[in-house]
1. Kindly indicate which of ALA55, ALA92, ALA69, ALA77 is out of contact with any strand residue (DSSP E or B) (no Cβ under 9 Å at 6 or more places or on another chain) and surrounded by fewer than 17 Cβ atoms within 10 Å (Cβ to Cβ).
2. Out of all the residues in region 143-172, which are touching a Phe, Trp or Tyr at 6+ places or on another chain (Cβ under 6 Å) and under 19 Å from VAL192 (Cβ atoms)?
3. Pick out the one residue from ALA107, ALA197 that is modelled with pLDDT under 95 and either closer than 18 Å to LEU26 by Cβ or surrounded by 16 or more Cβ atoms within 10 Å (Cβ to Cβ) (or both).
4. For region 5-34, enumerate the residues that are more than 26 Å from ILE102 (Cβ to Cβ) and either in a helix (DSSP H, G or I) or at pLDDT 95 or above (or both).
5. So how many residues does region 51-71 have that are charged (D, E, K, R) and either over 15 Å from the mean Cα position of the chain (by Cα) or within 17 Å of ASN86 (Cα to Cα) (or both)?
6. Can you pull out the residues in region 167-185 that are farther than 16 Å from VAL138 by Cα and part of a loop (DSSP other than H, G, I, E, B)?
7. Quick one: how many residues across region 35-45 are farther than 21 Å from ASP99 by Cβ and either aliphatic (A, V, I, L, M) or crowded, with 21+ Cβ neighbours inside 10 Å (or both)?
8. Return the only residue of LEU87, LEU139 being touching a Phe, Trp or Tyr at 6+ places or on another chain (Cβ under 9 Å) and either loosely packed, with under 15 Cβ neighbours inside 10 Å or under 17 Å from ASN36 (Cβ atoms) (or both).
Amino acid sequence: MQTPSHSEASVRRRAPAAERNRDAILTVLARVLPRNGVVLEIASGTGQHAVHCAAALPHIVWQPSDPDAAARDSIAAWRTHARLVNLAAPLAIDVTGSDWGIGEVAAIVCINMIHIAPWEAAEALFRGAAERLAAGGVLYLYGPYRRNGAHTAPSNEAFDAQLRATDPRWGVRDLEAVETLGRDARFTLAEVVPMPANNFSLVFVKDGRA
């Protein structure tokens, strides 16, 4: 592999959390995602998950996206570095916008977004997913959640307070509220998978009902 230039390497962002949780997330994704087709990742961030998943799932076309230009630059730099034929160039998708710039996809993945965004972003995510997934399509969410109105660990409670101090519209979401949001958008919460560091994988499946 060609040695990256200093400028290219500096554009590639690294999130320590992404390096810690990527294998655990991939284990779930490898089991629940379709065997082929386009998988749209919403809020791809640094691009580390996109590269890791695309490399491990070569029959899937991984389509990263992020509303932030610097994040898209990082994703693009990771893509150049990895040279994966099944990793597409990042799209500028804001889930709250009416046009995502992409039509029907096989599955949608969203890692660590809905707690670092207003609740309207979660609503828009489900609304947009319902428009782009056929019956049986998977919407995968990962992150911390409250269960039955309570935090699952003191660290999550502290993280929630930190998020809300940064922006009152942010915060660790109630899993039951997210499940209701999914149900209203014609999704069934098929699995809740406990993950390391007090996180959860939520696997939603698009219903066949109109």
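The values are calculated or read from the model by the stated rules, or taken from the named source; none is laboratory data. In this text the structure is predicted, and so the values were computed from the model without any measurement. Don't worry about glycine lacking a Cβ; one is built from the backbone with ideal geometry, like all the others, and counts go over all protein chains shown.
1. Details: ALA55 fails: out of contact with any strand residue (DSSP E or B) (no Cβ under 9 Å at 6 or more places or on another chain); ALA92 fails: out of contact with any strand residue (DSSP E or B) (no Cβ under 9 Å at 6 or more places or on another chain); ALA77 fails: surrounded by fewer than 17 Cβ atoms within 10 Å (Cβ to Cβ).
After ruling out the rest, the residue left standing is ALA69.
2. TYR145
3. Details: ALA107 fails: modelled with pLDDT under 95.
Unique residue meeting the criteria: ALA197.
4. First, the residues of region 5-34 that are more than 26 Å from ILE102 (Cβ to Cβ): 5-10, 14, 16-17, 19-20, 23-24, 27.
Correct list: HIS6, SER7, GLU8, ALA9, SER10, PRO16, ALA17, GLU19, ARG20, ASP23, ALA24, THR27.
5. Going through region 51-71, the residues charged (D, E, K, R) turn out to be 66, 68.
Keeping just the survivors that are either over 15 Å from the mean Cα position of the chain (by Cα) or within 17 Å of ASN86 (Cα to Cα) (or both) gives none.
Here the count works out to 0.
6. In the first step, residues of region 167-185 are kept if they are farther than 16 Å from VAL138 by Cα; the result is 167-177, 180.
Result: ASP167, PRO168, ARG169, TRP170, GLY171, VAL172.
7. Applying the first criterion (farther than 21 Å from ASP99 by Cβ) to region 35-45 yields 35-37, 45.
So of that shortlist, the ones also either aliphatic (A, V, I, L, M) or crowded, with 21+ Cβ neighbours inside 10 Å (or both) come out as 45.
Qualifying residue count for the region: 1.
8. Values: LEU139 fails: either loosely packed, with under 15 Cβ neighbours inside 10 Å or under 17 Å from ASN36 (Cβ atoms) (or both).
Matching residue, one of LEU87, LEU139: LEU87.
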